[in-house]
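Got a structure here, written out as structure tokens. Questions coming.
No value in this document is a laboratory result; all are computed from the given coordinates. In this text the structure is predicted, and so the values were computed from the model without any measurement. Here the Cβ positions follow ideal geometry from the backbone for every residue, glycine too, while neighbour counts run over all protein chains shown.
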Amino acid sequence: MSQSCRNAICKCYDRRGENYSLLGTNAGLIRDKYIRLSANDAARTTARAELLEAMQLAITRLEGIYGAAFSRNKDNLPQPSAGDSFRTSSRMIIGLGGENVLETGLSLQHTYGTPLIPGSALKGLTAHYCDQVWGASDPKFKLGEEYHETIFGTTEDSGHIIFHDAWITPECLADSLKPDVMTPHHGDYYSKKEGAAPTDFDDPNPITFLSIVGSFHVAVSCDVQSEDGEKWAKLAFKMLTEALGEWGIGGKTNASYGRLVLENLGEVDGQSSVNTTVSETPASVPDVQKPRKQPHPAAKKLKYKKGDTVEVTKVPDPNVRRSSAYFMADDGIGGQVVLGTPPSVEMGQKVRLEINGVMEKEGLYNFAAVGAKREPPRQARDKRGRR
């Protein structure tokens, strides 16, 4: 970041004597954009403390607008679903190793800058717990087996369960970010410096960061709209409940961070979520067939093959996000010009193009301008730039 940018950032701070304060409402934006000193500045430690304090203050100003967003998000969860409020029984740190302007990261909701647990983290935790714990009692829950694939999917086929981002509840938002510290002693050893060994004489290196406490609304849903889908959702939620309580989520779980338990230790699907045993689960698993990827419905109507020259009509692109010209053949299948320059014609006018490729699964053609040729690969150049 240039010094002129840092000078502009400093104008956003309210300086009172030697202390700085920053007014704002998005803790994520403050963390990523508003540190006022460079990494090499001797006073950076003080600036870091100011930044963390500004993040803590920022979320105290969000309760009204965030409360409305939280309710809207909760009410719009797809059905069938299973969810409940979980509270942290210890501190939690999500995204500790993420890319960040500070030495320590923290996952924050992009729009409001509030703490959240990403759905991808919940899914990864549950998938591993399913394989290691439930799979130990029932092989169908092992990685690659029937139940595991039905819930979590594979690289070729998505699973039926959707793990939603867990939003922090508005009631505990204001006091959710807590100052924390870790003191690694053996920096040279951890960084694998040659010849370095951990000793009792190494100096501690205190690193401050923010951890999270509070309650989160955790939910999963199933894409099967039936009674079977509801059973799948409740089964996955049981598994997630156990994983959060026993293994924890996020960083430093070996130091007891990241444990979450149901705020109201009631019942989930008629049984205590804490006392659910794996032997009870197979009877609850419905016989739902996993969908297989099918070709696009339009694929069966594809009339032409690669190399054919066809008459096409320029029409509006059905995908409004694309800005390039879109043409449709007489079989009702359209596409874009991917080779050569698209003809400059008005909407509704006809022109001849070549079929450069056929995308059967998507039900699309790739067109090429008539006579357009691919450029031959560039010859290798030597170090002086000559061919």
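So for the pair LYS303, ASP75, with labels modelled 7 Å out along Cα→Cβ, what separation do we get in nm?
Here the answer is 5.0 nm between the modelled labels.
Only counting other Cβ atoms within 10 Å, I'd like THR253, THR241 sorted with the fewest neighbours first.
THR253, THR241
Determine, from the Cβ-Cβ distance of GLN225 and PHE201 and an R0 of 45 Å, the FRET efficiency 1/(1 + (r/R0)^6), rounded to the nearest 0.05.
0.10
Same structure again: If you find the alpha carbon centre of region 228-251 and of region 147-223, how far apart are they in angstrom?
So the separation of the two Cα centres works out to 17 Å.
Report the label-to-label distance for THR313 and SER158 in nanometres (one decimal), using points 7 Å from each Cα along the Cα→Cβ vector.
So the two model labels end up 3.3 nm from each other.
Report, in debye and to the nearest 20, how large the dipole of region 63-284 comes out about its Cα centre when Lys and Arg carry +1 and Asp and Glu carry -1 on their Cβ.
Magnitude of the dipole: close to 340 debye.
Going by C-beta contacts inside 10 Å, put THR104, THR154 in order with the fewest on the left.
THR154, THR104
Using Cβ counts within 10 Å as a stand-in for footprinting exposure, how do HIS164, HIS128 rank, fewest first?
HIS128, HIS164
Here is a follow-up. Any idea how far apart GLU360 and ASN254 come out in nm if each label point goes 7 Å out from Cα toward Cβ?
Distance between label points: 5.1 nm.
In terms of the Cα gyration tensor, with a ≥ b ≥ c the square roots of its eigenvalues, is region 312-366 rounded because a/c is under 1.5, prolate because a/b exceeds b/c, or oblate?
rounded
Beyond a 23 Å Cα-Cα separation, which of these cross-linked pairs lie in this structure: LYS123/LYS361; LYS74/LYS234; LYS74/LYS252?
LYS123/LYS361; LYS74/LYS252
Placing unit charges on C-beta atoms (Lys and Arg positive, Asp and Glu negative, everything else neutral), compute the dipole magnitude of region 297-369 about its Cα centre in debye, rounded to 20.
Dipole of region 297-369, to the nearest 20 debye: 160 debye.
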